[in-house]
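Have a look at the structure below before the remarks.
The values are calculated or read from the model by the stated rules, or taken from the named source; none is laboratory data. In this text, all values refer to a predicted model and were calculated from it rather than measured experimentally. No Cβ is skipped: glycine too gets one built from the backbone with ideal geometry, and neighbour counts run over all protein chains shown.
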Amino acid sequence: MAEGPAKSVSRTPPPSSETVSRNMRALRARDTGPELALRRELHARGLRYRVHRRPDPEVRSVADVVFVGARVAVYVDGCFWHGCPEHAVMPKRNREFWSEKLRGNMLRDRRTDEELGRRGWTVLRIWEHEDPRHAADLIMRQLHRLDQGRGP
Ligand SMILES: [Zn+2]
């Protein structure tokens, strides 16, 4: 399911100006195959959720799937863009640009996790290469645990 990085790389040259750079930072792929597959799987299991939502107004981050009541935010992270240990390959060209860019993405992910965690959110990150059924299992377990933790 994981798409190799080569395709995205060839379509995305380094930014030529600060404006382009800002636009690229703001860009996050929506409705990708792996994300849709996960949403279908969750829906088939009877779960209901919001998509592409800021979990918390104080945190500048849009999650892919949000369970508002349970305060669970799910991100489906692209293997290339978010540095999957199994599939992230550093492009040979413009190496410096990419290494800085990808490092920035990963730092931002960790910061988002921390900020949401501090505000009572559980953040689940799913690699795009993961089997959507396994990912849905993980999410259901987490929802179940939180539900039990809340007590009768
Ligand atoms: Zn991967």
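Check whether at least one residue in region 91-102 is modelled with pLDDT of 95 or more, surrounded by fewer than 14 Cβ atoms within 10 Å (Cβ to Cβ), on the phi < 0 side of the Ramachandran plot and basic (Lys, Arg), and report yes or no.
no
So that you can scan it fast, the table gives a plain yes or no per residue for (1) within 16 Å of the ligand (Cβ to nearest atom); (2) modelled with pLDDT under 95; (3) surrounded by fewer than 16 Cβ atoms within 10 Å (Cβ to Cβ); (4) closer than 15 Å to Thr32 by Cβ:
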position	(1), (2), (3), (4)
Ala70	no, no, no, no
Ala73	no, no, no, no
Val76	yes, no, no, yes
His129	yes, no, yes, yes
Asp137	no, no, yes, no
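Looking at Arg133, Arg110, Arg119, which is the one that is surrounded by fewer than 18 Cβ atoms within 10 Å (Cβ to Cβ), of a type in the set (D, E, K, R), out of contact with any Phe, Trp or Tyr (no Cβ under 7 Å at 6 or more places or on another chain) and without any contact (Cβ under 8 Å) to a residue 24 or more places away in the chain?
When all the criteria are applied, what remains is Arg110.
Name every residue in region 64-95 that is assigned to a strand (DSSP E or B) and under 16 Å from Leu146 (Cβ atoms), in order of residue number.
Going residue by residue through region 64-95, those that are assigned to a strand (DSSP E or B) are 64-67, 72-77.
Residues satisfying the conditions are Val65, Val66, Phe67, Val72, Ala73, Val74.
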